[in-house]
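What follows is one structure encoded as structure tokens, with my remarks underneath.
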Amino acid sequence: MKIYETKSAPNPRRVRMFLAEKGIDMEYVQVDIQKGENLSAEMRAKNPLGKVPVLELDDGTCIAETDAICTYFEALQPQPSLMGTSPLEKATIAMWQRQVELALMLQVGMCFQHTTGYFKDRMLPVPEYGKEAGVNASKYLNILERRLELNDYIAGPRFSIADITALCAIDFARVVDIRLTEKHKNLNAWYQKVSQRESAKA
């Protein structure tokens, strides 16, 4: 099997971190999204949306979407668990993963796409929307700050996929000048702890 990805993009990094935590080796095929290689007929056959990452199994089956790829490997190799074991833990992690993805990762992505003009050859940037998305992302950092006042990790006492998503989003947010500040005491402590994990280098 292999994964089609772009090394510098945040969503592929989420998958690399997830697999690194599980100790799963993978062949990675680089796709140049700036040049539009992800929009080729070959890549659209693997994922109609033309997005990366895409996992291609040995039989040619393709699985797109970061969460779907991680879910596949969680089922394939349950330990160490990154998506929960008990019904309550699974639901709690899924809840925080979804919120971090929608309220932080997506907002940072929209800010990047609509304020930088990086993809202006294939979409119409709306700078006002991008700025508002950046504001939304910054506001969500305050929610995580309060959450981490009472919890070691975002979804509870154990490191999970929600932490991976948050770390990748926060690191990518620097591109649009969204950063942690001194007021984010708990979030900064969490960030230092999580960014020192070996998987963060993946």
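For residue 46, which aspartates and glutamates qualify as cross-link partners when the Cα separation must be under 20 Å and same-chain residues fewer than eight apart are set aside? Residue 46 reaches 5, 27, 32, 37, 56, 58, 59, 65, 67.
Put the Cα centre of region 111-144 next to the Cα centre of region 1-43 and the gap is 23 Å.
Among the listed pairs 139/193; 51/120; 7/131; 51/183; 7/120, which have their C-alpha atoms separated by more than 28 angstrom in this model?
On the way: 139/193 22 Å; 51/120 16 Å; 7/131 26 Å; 51/183 35 Å; 7/120 21 Å.
In this structure, 51/183 exceed 28 Å between Cα atoms.
If you add up the charges near residue 158, with Lys and Arg at +1 and Asp and Glu at -1, over every other residue whose beta carbon is less than 10 angstrom from its beta carbon, what do you get? With Lys, Arg at +1 and Asp, Glu at -1, the neighbours total -3.
Considering only protein heavy atoms and a 1.4 Å probe, what is the carbon-and-sulfur percentage of the accessible area of the chain? C and S fraction of accessible area: 54 percent. Using the Cβ-Cβ distance between residue 198 and residue 116 with R0 = 30 Å, the FRET efficiency computed as 1/(1 + (r/R0)^6) comes to roughly 0.45. Go through (1) 43; (2) 49; (3) 53 and flag the label whose value is the computed percent of Cα pairs over 22 Å apart for this structure. Correct label is (2).
Over the chain, accessible surface divided per residue gives 52 Å², non-protein components excluded, 1.4 Å probe.
When the helices in the chain are scored as -39500 (n - 2.57) per DSSP H run of 4 or longer and the sum is shared across all residues, what 222 nm value do you end up with, to the nearest 500 deg cm²/dmol?
Numbers: 8 runs with 103 residues, N = 202.
It lands at -16000 deg cm²/dmol.
Amide H contacts for residue 31 (H built 1.01 Å from N in the peptide plane; partners 5 or more residues away or on another chain; cut-off under 5 Å): 5, 6, 7.
The values are calculated or read from the model by the stated rules, or taken from the named source; none is laboratory data. Quantities reported herein were computed from a predicted structural model and do not represent experimental measurements. Positions of Cβ are generated from backbone atoms using ideal geometry, with glycine treated the same way; all protein chains shown enter the neighbour counts. The area values use the complete protein model at the heavy-atom level, side chains included, leaving out ligands, DNA and RNA. Shrake-Rupley method; radii C 1.70, N 1.55, O 1.52, S 1.80 Å.
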